[in-house]
1. Do the conditions hold for G191, that is, is it touching an Asp or Glu at 6+ places or on another chain (Cβ under 7 Å), assigned by TED's automatic domain parsing to the domain that holds V267 and closer than 28 Å to H68 by Cα?
2. Please count how many residues of region 53-68 are out of contact with any helix residue (DSSP H, G or I) (no Cβ under 8 Å at 6 or more places or on another chain), under 30 Å from D140 (Cα atoms) and modelled with pLDDT of 95 or more.
3. Filter region 240-285 down to residues that are among the β-branched types (V, I, T) and within 12 Å of ligand 3 (Cβ to nearest atom) and give me whichever is surrounded by the fewest Cβ atoms within 10 Å (Cβ to Cβ).
4. Give region 181-207 a look and list any residue that's within 16 Å of ligand 2 (Cβ to nearest atom) and assigned to a strand (DSSP E or B), or say none.
5. Please specify each residue of region 327-343 satisfying the condition of being surrounded by 15 or more Cβ atoms within 10 Å (Cβ to Cβ) and assigned to a strand (DSSP E or B).
6. So, D152, is that one at pLDDT below 95, within 12 Å of ligand 1 (Cβ to nearest atom), acidic (D, E) and not assigned by TED's automatic domain parsing to the domain that holds G337 or not?
7. If you go through region 199-222 one residue at a time, do you hit one that is free of Cβ contacts under 8 Å to residues at least 24 places away in the same chain, within 16 Å of ligand 3 (Cβ to nearest atom) and either outside the structural domain of Q125 (by TED's automatic domain parsing) or buried (at least 18 other Cβ atoms within 10 Å of the Cβ) (or both)?
8. Select from region 344-359 the residues that are out of contact with any helix residue (DSSP H, G or I) (no Cβ under 6 Å at 6 or more places or on another chain) and either modelled with pLDDT under 95 or not in a loop (DSSP other than H, G, I, E, B) (or both) and list them in ascending order.
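The values are calculated or read from the model by the stated rules, or taken from the named source; none is laboratory data. Quick caveat: nothing in here was measured; it's all calculated off a predicted structure. Note that each Cβ is placed from the backbone with ideal geometry, even for glycine, and that neighbours are counted across all protein chains shown.
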Amino acid sequence: MNILVLGSGQLARMMSLSATHLDLHVLAYDVSTKKVVNPVTGQLSEQSLSQAIASSCAITAEFEHIPHDVLEQCSLSGKFYPGAQAIATGGDRAKEKALLDKAAVKCAPYKLITEKQHFLDAVEQLALPMVVKTCQAGYDGKGQWRVKSVEDIESIWLEMAEFLSTGTTLSPHSIIAEKMIPFDREVSIIGVRDRNGQCKIYPLTENQHTDGVLTLSIAGKEKNDIQQQAEDAFNALANSLNYVGVLAIEFFDVQGELLVNEIAPRVHNSGHWTQQGCHTSQFENHMRAISGLPLGSTTLIRPTAMINVLGQQSIPSTVLTVDGVTSHWYGKTAKPGRKMGHINVSANSLHELGEKLGELAEFLPEEYYPGVLATGHQLI
Ligand code: ATP
Ligand code: MG
Ligand code: MG
């Protein structure tokens with residue numbers, strides 16, 4: 001049976017790899033070339049989008065910014081998961097905040113901006129420092145401004161005004177201002193909900209970002225009360241969206257209280273560790289959920305860390321000399337900062353995981369793989 005994934009990047013590729021042992025075959029639709037491809041080999045399929053939709057038992061997406069006509073065509077088939085509403089919510093910060101408010105899940109105080117007065121009101125009501133984000137575009141920290149002092153207001157407003165007036169295919173072009181949260185750390189929860197509304201949730205992941213991009217995740221550290229807060233938010237949001245598939249939620253941990261940063265209606269970079277840290281990875285569980293199969297275990301087998309490979313031509317093969325290490329390569333052309341692959345490392349305890357990160361740091365220079373050595377030290 002076929003599954004159609006909208007988008008043909010690494011997430012589609014890893015969904016495809018995890019689907020093979022379920023005897024499911026993934027077709028990917030590249031929205032820029034408008035071609036159906038094999039997401040592992042890149043080979044062109046002879047099927048058109050309509051044929052791929054007709055031949056698939058389920059359709060899903062690896063990203064939120066899907067052209068309206070494609071989304072509509074897929075929704076009309078009745079096989080699109082997690083559903084058009086979930087995708088629209090994950091792709092628009094204004095809709096996302098409305099969902100959080102409706103589900104009574106806490107997030108950073110915010111104000112929507114479409115004109116200068118709203119921006120000035122936000123400065124007054126939220127107080128500086130403030131983070132300003134485009135509502136409908138942006139990933140990896142792109143499309144954001146940091147307003148630190150009153151001197152920044154005019155120059156940032158000029159950039160925002162240009163954005164608001166240019167208009168691309170996405171409209172309306174609103175912007176959101178959020179209070180800058182003085183968080184202790186960032187964490188995320190990945191969970192999966194099946195077609196009957198049953199949920200399974202992975203252990204919380206602690207995430208490190210460098211220049212707005214995820215660089216390192218660790219799973220297996222969490223205390224029960226923080227895990228519970230994250231699970232409560234997951235259940236509230238997944239049920240509210242009548243969600244089917246894997247949903248990721250990013251949080252700020254502020255002195256033990258979780259505030260939602262954003263949600264991603266799909267498999268997520270901060271869940272890549274599940275490939276080695278759990279019996280059933282996020283990719284396989286997403287495939288299972290959308291195709292109506294029973295969900296797999298989300299219990300942690302071993303503490304696991306994930307290191308992103310950004311902009312490098314290859315992963316140093318020396319990392320494979322460290323016991324418990326697996327490397328994952330996406331087969332993309334290297335560009336500075338581009339997500340090229342990742343490295344998972346598992347151990348029997350957090351202490352041992354720390355030692356292994358220390359070993360890995362010898363092969364992974366700090367400049368390209370920030371935080372590996374320091375995190376290793378913290379865990380020991
Ligand atoms: P992603 O690639 O995760 O989708 P994104 O472009 O959607 O990224 P956000 O997750 O909203 O961006 O923000 C990127 C990072 O900026 C966050 O992980 C966090 O480190 C920081 N950040 C965002 N909003 C705030 C805030 N309100 N207060 C403090 N830091 C913030
Ligand atoms: Mg985002
Ligand atoms: Mg984010």
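1. No.
2. Kept after step one, since they are out of contact with any helix residue (DSSP H, G or I) (no Cβ under 8 Å at 6 or more places or on another chain), are these residues of region 53-68: 54-57, 65, 67-68.
If we keep only those that are under 30 Å from D140 (Cα atoms) too, we end up with 65, 67-68.
Keeping just the survivors that are modelled with pLDDT of 95 or more gives none.
Final tally of qualifying residues: 0.
3. V260
4. Scanning region 181-207 gives E186, V187, S188, I189, I190, T205, N207.
5. Matches in region 327-343: S327, H328, K339, M340, G341, H342, I343.
6. Taking the combined requirement at face value, the residue does not satisfy it.
7. yes
8. H351, E352, E355, K356, E359
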